[in-house]
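Report on the following structure.
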Amino acid sequence: MINIPKGTKDVLPNESYKWQYVEKIMRDISKAYNVREIRTPVFEHTELFSRSIGDGTDVVSKEMYTFLDKGGRSITLRPEGTASVARSYVENNLESLSLPLKMYYMISAFRYERPQAGRLREFHQYGVEYYGAQSVYLDFEAISLAHDILKGLGLKGILLKINSLGCPECRKKYVEALKEYYLKHLGEVCDTCKDRFNKNPLRLLDCKSPICKGIASNAPRIQDYLCDDCKDYHEKLCGLLKSEGIPFENDPGIVRGLDYYTRTVFEFVTSELGAQGTVCGGGRYDNLVSDIGGKSVGCVGFAMGIERLIMLLEEQNAFSAELGPDCFVICQNEECIRNGLRVASELRKAGYSVDCELTGKSMKAQFKYADKIKATFAVVIGEEELNKGTAKVKKLSDGIETECRIEDLAQHISKRK
Ligand code: HAM
């Protein structure tokens with residue numbers, strides 16, 4: 001027996017409807033915002049991720065699935081979607097299209113993390129990227145789109161947290177102040193934070209260990225270091241969110257785990273998923289495209305973890321039961337199956353979802369099966385009916401049976417629905 005690799009999951013036939021429900025809402029709301037889909041490869045050159053996400057991040061330093069291909073190139077399974085979209089934007093000269101360009105993707109992503117509930121090694125993201133300007137309206141619309149999706153899914157108790165990480169200039173001053181503060185506390189922080197002090201100091205602020213949390217709560221705040229432009233930008237965004245009725249909280253602890261962010265960062269969080277409570281994360285990244293060789297362009301985006309959303313929907317009992325087919329065609333014997341298959345095909349053409357006996361079960365077992373798969377109607381093709389050119393139609397919820405000519409089945413069923 002060969003088992004599934006650690007940190008991965010099958011989506012089984014009896015749960016795939018949950019994925020389809022979530023994905024449909026995402027696609028529909030993307031369309032409502034005129035955001036179009038982009039598809040990029042599952043793997044890229046390793047350098048793309050190390051240059052964009054940053055060598056000092058956990059993702060690049062510890063979590064990437066990297067290997068040499070048979071041509072000796074270093075290849076990495078994508079750990080997220082933003083870098084690939086940026087690569088595609090530059091490579092395909094998408095900047096020559098009218099901006100802003102609004103794109104979404106539905107992808108699997110790979111990170112070698114310690115698996116736990118809501119944290120997988122292969123996981124799935126719905127992500128959105130807006131390219132075109134350093135305009136706060138882009139930030140606002142991206143956040144509003146994420147908010148509409150979470151609302152459209154019917155999720156409750158999700159909080160939007162926002163912060164500004166400033167521009168490279170003000171952030172530099174802030175990081176200096178942060179390091180000066182942490183220098184006094186290096187003996188107290190956890191080993192991971194000791195490492196972060198040198199590699200990724202902003203991440204000191206979102207350590208989950210209680211001692212580090214206490215130290216972070218007294219650390220200098222980025223708000224006090226923002227330059228006037230960054231401060232105005234952030235205030236304008238907060239004003240927009242307020243006036244448009246999107247509730248949020250300013251949280252200086254939102255620093256994000258990837259290096260490419262500038263100014264706005266945000267997360268949608270829930271307290272219902274334990275440590276993996278971030279269902280959506282994103283922000284602005286104005287230097288990423290130029291860092292990988294393109295013309296400078298203001299960008300903002302986010303990604304949602306589909307597994308986490310599905311876990312939360314389950315937790316909140318937000319899924320309605322899966323619907324069965326409209327009809328199951330019950331056939332008494334082989335000759336009836338041959339006719340039943342034709343009946344099924346005609347009903348499908350008329351727009352019904354139809355399942356038909358295929359395996360040689362007894363009539364009794366077929367009725368049981370029709371019940372089990374939650375068919376609305378059993379359409380019975382028996383020898384007697386076949387001779388008369390009719391079929392019986394039994395509504396399984398009330399057991400009422402009627403009979404009609406085979407050619408009238410579609411119409412007959414539509415009247416009884
Ligand atoms: P991220 O915060 O690394 O951001 O991931 C976004 C979301 O993906 C998380 O909030 C979480 O819901 C989900 N996620 C991340 N890692 C895992 C995992 N191991 N297992 C299950 N779910 C996970 C990004 O990926 C950025 N590219 C977002 C972005 C787009 N920023 C700008 N544009």
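The values are calculated or read from the model by the stated rules, or taken from the named source; none is laboratory data. Note that the coordinates shown come from a computational prediction; the quantities given were computed from them, not determined experimentally. Cβ placement follows ideal geometry from the backbone for every residue including glycine, while neighbour counts extend to all protein chains displayed. Note: accessible area is taken over every heavy atom of the protein model, side chains too, but ligands, DNA and RNA are not part of it. Shrake-Rupley method; radii C 1.70, N 1.55, O 1.52, S 1.80 Å.
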Distance cut-off 32 Å, Cα to Cα: go down the list LYS31/LYS208; LYS62/LYS213; LYS151/LYS184; LYS172/LYS242; LYS151/LYS172; LYS102/LYS231 and report the pairs above it. LYS31/LYS208; LYS151/LYS184; LYS151/LYS172
Here the convex hull volume per residue of the range 327-416, taken over Cα atoms and given in Å³, is 82 Å³
Under 17 Å between alpha carbons, and skipping anything fewer than 8 positions from LYS161 in its own chain: which aspartates and glutamates qualify? ASP139, GLU141, ASP148, ASP206, GLU235, GLU244, GLU249, ASP251, GLU267, GLU272
Dividing the convex hull volume of the alpha carbon atoms of the range 241-292 by its residue count, what do you get in Å³ per residue? 109 Å³
May I ask you to list the trypsin sites (Lys or Arg not before Pro) in the range 111-196 that are in a DSSP loop and have at most 16 other Cβ atoms within 10 Å of their Cβ? LYS156, LYS184
Placing one equal point scatterer on each C-alpha of the range 1-129 and summing with Debye, one gets log10 I(q)/I(0) at q = 0.18 Å⁻¹ equal to -1.13
Taking 1 over the mean of 1/r across every pair of different Cα atoms in the chain, what Kirkwood radius in Å do you get? 24.8 Å
Environment charge at SER30 (Cβ cut-off 14 Å; Lys +1, Arg +1, Asp -1, Glu -1): 0
Low-density loop GluC sites (Glu not before Pro), the range 86-184, at most 12 other Cβ within 10 Å, DSSP non-H/G/I/E/B, are none
Based only on Cα atoms, what Rg/Rh ratio does the range 26-69 have, Rh being taken as Kirkwood's radius? 1.17
Carbon and sulfur atoms: what percent of the 1.4 Å accessible area of the chain do they account for? 50 percent
Treating cross-link reach as a plain straight distance, find the lysines whose alpha-carbon is under 19 Å from the alpha-carbon of LYS415, omitting any fewer than eight places away in the same chain. LYS349, LYS392, LYS394, LYS395
Averaged per residue, the 1.4 Å probe accessible area of the chain, protein heavy atoms only, in Å², is roughly 50 Å²
The range 207-274: GluC sites (Glu not before Pro) in DSSP coil with no more than 14 other Cβ atoms inside 10 Å: GLU244
Expected 222 nm ellipticity per residue - DSSP helices of 4 or more, -39500 (n - 2.57), all of the chain, to 500: -11500 deg cm²/dmol
Report, to one decimal in Å, the Kirkwood hydrodynamic radius for the range 83-171 based on all distinct Cα pairs. 16.0 Å
Using θ = phi - 60° and the Karplus relation 6.51 cos²θ - 1.76 cosθ + 1.60, list the HN-Hα couplings for the range 365-382 in order, rounded to whole Hz, with x at every Gly or Pro. 5, 5, 4, 4, 5, 4, 5, 4, 7, 6, 5, 6, 10, 9, 9, 9, 10, x
Scalar couplings 3J(HN,Hα) for the range 145-151 by Karplus 6.51 cos²θ - 1.76 cosθ + 1.60 (θ = phi - 60°), nearest whole Hz, x for Gly and Pro, are 5, 4, 4, 5, 5, 5, 5
